[in-house]
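Colleague: Shown below is the structure under consideration.
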C-alpha cells in the first residue's frame, strides 16, 4: 500500500475537468455536455462520449492514484464488451499540451489521466427514459429480462459464499453519518435489524444457493438507465469494474433493476421483467430474496445519492439528492416488510384501543394494503345506521376475509374480540398464510376519552361511541388458536413510532428464527 503522502502527491496528477471539457469542444468543433456521478464525469460530444474517473476515495473504491484510474478504465472497457458490444471503443490518454489537453494512445507516458472513449447512444431509448415519459412497454420489460438471463448463465460462477452481512454493514457504516441529518436514527437502526434478521433466518437458503451456482460475476449496477433498447437489441451498459461488488447472487442483480424501476414508479414492470428472465432460461428467485436484496440496493443507492449531494457546488449540498435518498430509504423499509414473507397481520383490540391508528401507521411504512372492518361495515350498511348485531358483524368479517383474497401480505384493522367473529374470518380465508395478531391495549379511561373525541371531531369511519366502546371492550376476547409467538400485545398509550418499532422488532425476531419460511 502506498503511504498517505505518496497517495496525496499522486492525486495531484489528474485532469482538470473544465479544461478537458474545453479541449474536447475544440477537438470536436461543437459544445460538450457534462454528466456527473459520484465517481465519474462523462463528456458528451457529437457521436462520442468520454468517461473520466474522479480521484475519489470511498468505502468501496480508491481512485486517488492516476495509475489506479487508468487500470479501472481498461477493466471497465473489457467488462462491458459482453453485455454492450460496440459501445466501448478504447482507453485514451489525457495528455497536457500548451492550450489544454489532447487525447493520445493509452500507453502515452505523458498522460496525467485516462478516459474511456465510447460510442454515444440515444439516452431517450434507455429503460429509465422510456419509463419516465410513459413509453416503456411490457414487451420491452420482458426483453430486458430475457437479455439478463443468458448473461447470468454465461457469467463465471463464484464458488465462494458471499458475506452478505459484511456488505450490508459496510454500506450502513458509510450511510448512517450521511443520512443522519435527513432520517430519524431509529429508522436506520430498523433497516439494520431487519437485514440481520433476514440473513439469520435465510442463512441456509443463501448457503444452498451459493453451492448451487447462483453467485456469479454479474453486472453489479443493474439499473434502468443502464438498459438500452436499440432496435431489436437490448444492451446493458456500465457494468461495474469493482470485482468484489460485481460478485453477486443473481437475485441481487435482478433485485437492483426491480428496485430501481419501483423507485421510479415502474413497479408494475417487475413481473414482465421476471417473466422474460424465466422464459429465457433463468430461474425466478424467491420473492423474499428479491425483496431483501432490493432493500439492500435501495440503501446503496441512498448512500450514492447522499455522496453525490455532498459534491454539490461549493458548500451548497444537493437538496434533490437528499430528497431522493429519503425516498429510497422509505422504499427500503417497504421492501423489508416484503422480505418478512407472506402474512396476514391482524391489528386487534376493543373499540378506541388505537388499532386503526396503529394499522394506518403500519400501512404507511410497509406499503401493505390495510383492510378495515369499519370501512367494510359502512360499505355493507347505511351511513348512520351501523348494525352491531353479532350476525351483521360476522358478515363483515367474512367480507374482510374475502377481500384479503390471495394478497401476499395484508393488514386487517378489526376488533376480532369475539370467538364467533374470529371463526367467521378464518372460515372465509381462501389462502393459507401465516396469521399474526397484534392486540392493542389501552386503559378503559383512555379508550372512553378517545371514543368521545372521535365522535365530537367526526371524520372517523368508526361508529362506536363511548357506550359501544365500553360494551365491546368488556367482552373482548383476544384472538385464540394461534401459537404463542404469533401474538403481540402493544401498549397504544406509547408514542406511535415506538408502537410501530415494537411491531417491526417482533416480526424481525420471528424472521431471524426462520418462522414462515
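Colleague: From the P(r) of the range 4-120, can you give the percent of Cα pairs sitting at distances over 23 Å?
Modeller: The proportion of pairs with Cα distances above 23 Å equals 25 percent.
Colleague: Quick check: from the Cα gyration tensor, does the range 206-277 come out rounded (a/c under 1.5), prolate or oblate?
Modeller: On the way: a/c = 1.82, a/b = 1.40, b/c = 1.30.
Cα axes put the range 206-277 in the prolate bin.
Colleague: Let me ask something else about it. What is the Å³ per residue value for the convex hull set by the Cα atoms of the range 127-339?
Modeller: Convex hull of Cα atoms, per residue: 121 Å³.
Colleague: Further question: With a cut-off of 8 Å between alpha carbons and a minimum separation of six or more residues, what is the relative contact order of the range 127-339 in percent?
Modeller: So the answer I get is 29 percent.
Colleague: Could I ask something else about it? If you work out Rg and Dmax of the Cα atoms in Å from the coordinates, which of (1) 26.2, 84; (2) 23.4, 74; (3) 27.5, 91 do you get?
Modeller: Comparing each candidate, only (3) matches the computed number.
Colleague: Set the Förster distance to 22 Å, then compute FRET efficiency between residue 232 and residue 135 from the Cβ-Cβ distance, nearest 0.05. Intermediate values should be presented prior to the final figure.
Modeller: Working: r = 17 Å, r/R0 = 0.77.
Efficiency, from the Cβ-Cβ distance: 0.85.
Colleague: Shifting gears a bit: Whole Å is fine, so just give me how far the alpha carbon centre of the range 12-60 lies from that of the range 484-517.
Modeller: Distance between centres, Cα-based: 50 Å.
Colleague: How much mean residue ellipticity at 222 nm does the chain get from its helices, if each DSSP H run of length 4 or more adds -39500 (n - 2.57) and you divide by all residues, to the nearest 500 deg cm²/dmol?
Modeller: -15500 deg cm²/dmol
Colleague: Let me ask something else. Helix 496-512 versus the longest principal axis of the chain: what is the Cα-based angle in degrees, 0 to 90, to the nearest 10?
Modeller: Between the helix axis and the principal axis of the chain, the angle is about 80 degrees.
Colleague: Label-point separation (nm) for residue 119 and residue 36, each offset 7 Å from Cα along Cα-to-Cβ?
Modeller: Result: 3.0 nm between the two label points.
Colleague: Quick check: residue separation of residue 278 and residue 505 times 0.36 nm, minus the Cα distance between them. What number comes out in nm?
Modeller: 78.2 nm
Colleague: Quick check: Cα centre of the range 89-103 to Cα centre of the range 385-452, how many Å?
Modeller: 71 Å
Every read-out reported here was derived from the displayed coordinates using simple, explicitly stated rules and does not represent laboratory data. In this text the structure is predicted, and so the values were computed from the model without any measurement. We place every Cβ from the backbone using ideal geometry, glycine too, and count neighbours over all the protein chains shown.
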